[in-house]
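Comments concern the structure below.
The values are calculated or read from the model by the stated rules, or taken from the named source; none is laboratory data. All values reported here derive from a predicted model rather than from experimental measurement. As a convention, Cβ positions derive from the backbone with ideal geometry for all residues, glycine included, and neighbour counts pool all protein chains shown. Heavy atoms of the whole protein, side chains included, go into the accessibility calculation; ligands, DNA and RNA do not. Shrake-Rupley method; radii C 1.70, N 1.55, O 1.52, S 1.80 Å.
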Amino acid sequence: MQKILIEGGVPLNGEVQISGAKNAVLPILCATLLADEPVEISNVPHLHDVVTTAKLLAGLGAEITIDQGTIGKGSESGIVVDPRSVHSHVAPYELVKTMRASVLVLGPLLAKYGAAEVSLPGGCAIGSRPVDQHIKGMQALGAEISVDHGFIKARADRLKGGRVVFDMVSVGATENVLMAAALAEGTSVLENAAMEPEIVDLAECLKVMGAQIEGAGSNRITVHGVARLHGGKHSVVADRIETGTFLVAAAMTGGRVTVRGARPDTLDAVLDKLRQAGAELDIDGDRITLDMRGRKPRAVNITTAPHPAFPTDMQAQFMAMNCIADGVGVINETIFENRFMHVQELQRLGADIRVEGHTAIVRGVPQLSGAPVMATDLRASASLILAGLVADGETTIDRIYHLDRGYENIEEKLSGLGARIKRIG
Ligand code: UD1
């Protein structure tokens, strides 16, 4: 099995291109099922989860064309999905278990074909992650739903617009219901909707396809259902989590890094915390430069919460930074119940972390020391890479398939900034 080998101690320096957002491209690919014509998606990151989604759509009968090209220093690829040949409405366990986001075909299949059978999801082992809000939303639009033999089975002749009040903020449930409502008869109102930038990007793509949506990015989204959606072209928004991860890498290593092709307006909470940690930030259009040369980060306190608050997907990376910062940082995880699995691995590198329930208290140490560690989930793998970049000696990270689900060419991008990192095995 492949591993990543890092020799720590190099301050990162240079420029890096940010890829399209994983969490935007997955729902957008599912949304193409709603169209009557081919939909062309560009700025698609090369990620394992994208391949899984393409397989899922192909399994339903969609025709997928992947077009790869290199533009400038960054790589860009496009995917064209032609949903006209879709003949199945079943998302099988073999695919859904490897990627929770597969549940996002539920709304599109139900709205377009009147039926969907989606295996209950698996995905990252970061908590129980139920899908009750997805189901509640579909029911509010008139679907009949049963859950048996590990499948969500949904039916509806034609969905009808309705008012959906989510009990809690869920990114996936908001996306699923938004997609379903786009083809429902009449107007739907989604209350307590998630406000993540990826939802805005999904809504932008749906609008290109002819959907009528107001309020995406706020907690109340109104959708005027239309009878059909056509094809179109959409470019995926920049990945704010990848952006944040490279900025933390620069801050931890005492370097100076410019990220290109980023969307600084989607990163307020993360940039605030980097400033608090002592980083100098310069924002110029789609470029963010972080300068931490000759300095060490100060520990920061973090509480994860739905957007626009601090994202749970950046929690592990900031924990890694606190491990070598000056002072003590307290991290509260409020979104997922089991998202501290990186703690044990960071401790193997010499970190001083105490966990009490959903809180981790991190006392900075002067130096981490390289060791073999194991990735447990996607963002946890990123935190181990960050720790390896500053640890003394060699760190090897096992189970990096988690990383390939969500970071495009991370070792090439870090090498380009001077890191001593390579894939082995
Ligand atoms: C998405 C992101 C993931 C991110 C998360 C929170 C994608 C592909 N993944 O995941 O990277 O960490 O948002 O920002 O976009 N919940 C329920 N019932 C439901 C749905 C969710 O109780 O029906 C709970 C979950 O267990 C979790 C919380 O709500 O505790 C947030 O989950 P949700 O926002 O739905 O996350 P995902 O969409 O799965």
- Task: May I ask you to say which residue of 314, 321 is surrounded by 24 or more Cβ atoms within 10 Å (Cβ to Cβ), more than 16 Å from the ligand (Cβ to nearest atom) and not β-branched (Val, Ile, Thr)?
- Result: 321
- Query: Among (1) open to solvent by less than 20 Å² (accessible area, probe 1.4 Å); (2) touching a helix residue (DSSP H, G or I) at 6+ places or on another chain (Cβ under 7 Å); (3) within 24 Å of residue 254 (Cα to Cα), where does residue 304 come up short?
  - Reply: (3)
- Go through the residues of segment 260-275 one by one and say whether even a single one is touching a strand residue (DSSP E or B) at 6+ places or on another chain (Cβ under 6 Å) and either part of a strand (DSSP E or B) or on the phi > 0 side of the Ramachandran plot (or both). yes
- Query: Taking segment 371-425 as the search range and keeping residues that are in contact with a helix residue (DSSP H, G or I) (Cβ under 8 Å, 6 or more places away or on another chain) and among the polar types (S, T, N, Q), which one is surrounded by the fewest Cβ atoms within 10 Å (Cβ to Cβ)?
  - Reply: 376
- Query: Taking segment 143-160 as the region of interest, how many residues are crowded, with 19+ Cβ neighbours inside 10 Å and touching a strand residue (DSSP E or B) at 6+ places or on another chain (Cβ under 6 Å)?
  - Reply: 3
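Rundown of residues vs (1) under 26 Å from the mean Cα position of the chain (by Cα); (2) within 16 Å of the ligand (Cβ to nearest atom), yes/no style:
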site: 337; (1), (2): yes, yes
site: 352; (1), (2): no, no
site: 361; (1), (2): yes, no
site: 365; (1), (2): no, no
- Can you confirm whether segment 293-309 contains a residue that is under 16 Å from residue 246 (Cα atoms), among the aliphatic types (A, V, I, L, M), within 16 Å of the ligand (Cβ to nearest atom) and at pLDDT 95 or above? no
- Message: Just to verify a result, which residue in segment 6-25, among those that are of a type in the set (Val, Ile, Thr) and not in a loop (DSSP other than H, G, I, E, B), is nearest to residue 289 (Cα to Cα)?
- Response: 16
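Quick one: which of 405, 399 is out of contact with any strand residue (DSSP E or B) (no Cβ under 8 Å at 6 or more places or on another chain), touching a residue at least 60 places away in the same chain (Cβ under 8 Å) and charged (D, E, K, R)?
Unique residue meeting the criteria: 405.
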